[in-house]
1. For segment 16-34, which residues satisfy the criterion of being within 26 Å of Lys70 (Cβ to Cβ), modelled with pLDDT under 90, surrounded by fewer than 18 Cβ atoms within 10 Å (Cβ to Cβ) and not acidic (Asp, Glu)?
2. For segment 115-134, which positions are farther than 18 Å from Val189 by Cα, touching a residue at least 24 places away in the same chain (Cβ under 8 Å) and of a type outside the set (D, E, K, R)?
3. Going through segment 136-172 one residue at a time, which ones are buried (at least 22 other Cβ atoms within 10 Å of the Cβ) and among the aromatic types (Phe, Trp, Tyr)?
4. Quick one: which strands (runs of 3 or more DSSP E) sit completely within segment 65-182 and have at least 2 residues that are under 30 Å from Thr52 (Cβ atoms)?
5. Being more than 18 Å from Pro80 (Cβ to Cβ) and of a type in the set (D, E, K, R) is the filter; apply it to segment 152-191 and report the residue that is modelled with the lowest pLDDT.
6. Can you tell me how many residues within segment 45-85 are surrounded by 15 or more Cβ atoms within 10 Å (Cβ to Cβ), among the aliphatic types (A, V, I, L, M) and either closer than 21 Å to Leu191 by Cβ or free of Cβ contacts under 8 Å to residues at least 12 places away in the same chain (or both)?
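The values are calculated or read from the model by the stated rules, or taken from the named source; none is laboratory data. On a predicted model such as this, the values are computed, not experimentally measured, just so you know. Heads up, the Cβs are rebuilt from the backbone with ideal geometry, glycines too, and the neighbour counts pull from every protein chain shown.
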Amino acid sequence: MCGHITSLQNTRVNTIAAEYCFSIGYTINVQGKQGFETPHNIPERAGYYICTKDPLERTLPRWKKSLWLKARELLNLYDPDFAAGEYVVQFSKMSSTSHSCKMHEDSKDIGPQYIMYLGNYRNAILQAFDQVGKSYRCFSKPYLMLKVDGRLKHRVLMENFTGIRYAVIFYKMYDFRQPFLAPLFFPPVYL
């Protein structure tokens with residue numbers, strides 16, 4: 001059961017209006033949800049439990065498992081250490097001017113994340129804000145890996161958007177090797 005989008009993940013998904021948005025990976029939830037049996041190892045996440053079952057062993061469609069494997073290959077090219085631990089991959093598609101990504105913080109993340117945008121699009125711009133929420137940087141380049149901290153405020157501006165924009169986002173809600181929250185990471189950088 002833990003292979004499906006959970007209520008905590010829906011918090012992340014509800015900030016995005018897209019053609020589709022789903023996640024695969026090692027997620028967290030409250031105790032008692034089916035598949036969430038391992039207590040979180042970070043004190044600030046006490047009360048949350050992890051689904052530690054490998055995504056390839058879950059009841060997922062074959063195409064989602066294939067997507068997971070391809071995403072893992074991509075992540076290994078940029079950060080094999082990140083890929084060696086538990087992580088989640090979010091896939092989304094925006095193809096309309098009605099699509100958006102509201103200002104939000106990914107408060108359940110435990111460290112920085114990686115994002116790669118794919119597709120042929122214009123005018124979909126990620127704004128990533130600093131710890132104070134005043135200074136920001138803008139990012140929109142497709143086919144480059146971006147390291148950013150989702151725990152800081154961010155949003156996507158979709159003014160005069162055209163084309164199709166896919167996003168592949170790698171983030172961690174848990175990593176058995178990391179018993180603490182990573183320091184905040186700003187400014188974002190292309191790798």
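1. Matches in segment 16-34: Ala17, Tyr20.
2. Gly119, Asn120, Tyr121, Asn123
3. Phe170, Tyr171, listed by residue number.
4. Hits in segment 65-182: 88-94, 100-104, 113-118, 145-148, 165-171.
5. The selected residue is Glu159.
6. So the answer is 4.
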